[in-house]
Structure formats: structure tokens, C-alpha cells
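Reading through the C-alpha cells given below for one structure.
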Amino acid sequence: APAIASSQAKKRLATQGHQGLAPLSDAAAMLPKGARFLECEGTKSGEAWLLLPAADGAKTGGTLIVSDAFFNVTRDVTGLMGIGLRLLKTCPGLCIGQTFPWLSLADRARYRAWADDVFAREQPALLVPLHGEPAGAHGGVPLHERCRTLLRERL
């Protein structure tokens with residue numbers, strides 16, 4: 001499998017000795033029809049998201065696979081692990097972890113505006129985070145609105 005990375009991540013990974021990284025565009029032909037990578041603006045980590053189209057072909061309502069910003073820990077987490085996750089504001093439920101702004105953002109306002117625009121425009125129905133379980137609408141609030149609220153509250 002080819003090793004691919006966003007342009008920002010390629011710079012960071014090259015300084016760590018990684019070689020032969022291809023741009024995200026090189027993987028476009030391997031994606032399902034209508035799927036595309038989104039390079040997150042305002043990050044220093046080079047986070048990228050993968051947007052999969054809705055199964056019915058609708059312009060909105062697809063699946064968004066994200067990296068480090070979003071958490072959705074829905075199981076009961078106790079003990080030291082639970083204390084740590086709550087202190088870092090990564091649980092319970094759909095959250096933007098406290099470590100993301102500290103470690104991954106170069107320009108908080110730019111990232112927030114970019115991500116808000118993605119959620120408003122694409123209106124994904126499902127979010128698949130690297131950390132936790134998939135998230136969707138909850139309590140009658142569509143996923144994209146939940147995420148936009150989190151962006152405003154946490155960033």
C-alpha cells in the first residue's frame with residue numbers, strides 16, 4: 001500500500017526520517033466514487049479527513065472519517081483512565097479533546113472556520129473518529145449541528 005500524507009504532514013514526517021510519502025491526491029483513484037480527502041486548514045500536525053458520499057447519492061448526509069480532534073467515548077470509563085479523559089475533556093460522548101488545540105493546531109481560528117464550513121456544507125450524517133465510536137444525530141440534533149456547536153464551544 002502506498003504511504004500517503006497531507007502536504008503539512010509530509011513536511012513534519014520528513015523531518016522524522018519518513019521517505020517516499022505520496023500526496024493525498026495520489027490515493028484519489030483508489031477511493032470510492034465521490035469520496036475525497038479534505039486537508040484540514042490551520043493545523044501543524046497535517047490532519048486530514050476522509051469524506052465518503054451518502055449511500056443514496058445525496059449531496060449531503062455522507063460519512064466523515066476524522067483523526068485526532070474528535071472523540072466519542074460512550075462507554076463508562078472509570079478509575080484513573082476515566083479521570084484523565086474527563087480532565088482532558090475527551091469524554092463523555094462527542095467531544096473535541098483538550099490536547100488537540102495544544103498539540104495539533106497552528107491557527108485555531110482558521111481551523112475552526114474551515115471545519116465549521118465543512119460541517120455546514122457537507123452535513124455529514126455519520127462521524128467516525130479515530131478515538132471512540134461512530135457518532136450521528138443525538139436527541140433530535142443533526143450531527144453537523146452538534147459538531148458546529150462543539151467547534152464554537154471548544155475552539
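Collect the residues in region 1-35 that are assigned to a strand (DSSP E or B) and under 19 Å from the mean Cα position of the chain (by Cα), keeping them in residue-number order.
Ile4, Ala5, Pro23
Tell me which residues, restricted to region 81-105, are open to solvent by less than 50 Å² (accessible area, probe 1.4 Å) and either touching a residue at least 60 places away in the same chain (Cβ under 8 Å) or not hydrophobic (A, V, I, L, M, F, W, C) (or both).
Result: Gly82, Gly84, Thr90, Gly93, Gly97, Gln98, Thr99, Pro101, Ser104, Leu105.
Please give the number of the condition Leu80 fails out of (1) modelled with pLDDT of 80 or more; (2) part of a loop (DSSP other than H, G, I, E, B); (3) more than 20 Å from the chain's Cα centre (by Cα).
Of (1) modelled with pLDDT of 80 or more; (2) part of a loop (DSSP other than H, G, I, E, B); (3) more than 20 Å from the chain's Cα centre (by Cα), only one is false for Leu80: (2).
Output the residues belonging to region 106-131 that are surrounded by 18 or more Cβ atoms within 10 Å (Cβ to Cβ), small (Gly, Ala, Ser) and within 17 Å of Ile96 (Cα to Cα).
Ala115
When only residues in region 1-32 that are open to solvent by 50 Å² or more (accessible area, probe 1.4 Å) and among the hydroxyl-bearing types (Ser, Thr, Tyr) count, which is nearest to Gly46 (Cα to Cα)?
Ser7
Within region 53-80, which residues are loosely packed, with under 14 Cβ neighbours inside 10 Å, under 27 Å from Ser104 (Cβ atoms) and aliphatic (A, V, I, L, M)?
Leu80
Given the criterion of a type in the set (Lys, Arg) and modelled with pLDDT under 95, identify the matching residue among Arg110, Arg75, Arg121.
Arg75
The values are calculated or read from the model by the stated rules, or taken from the named source; none is laboratory data. Please read all numbers here as calculations on a predicted model, not as lab measurements. Quick reminder, even Gly has a Cβ in these numbers, built from the backbone with ideal geometry, and neighbours come from all protein chains shown. Heavy atoms of the whole protein, side chains included, go into the accessibility calculation; ligands, DNA and RNA do not. Shrake-Rupley method; radii C 1.70, N 1.55, O 1.52, S 1.80 Å.
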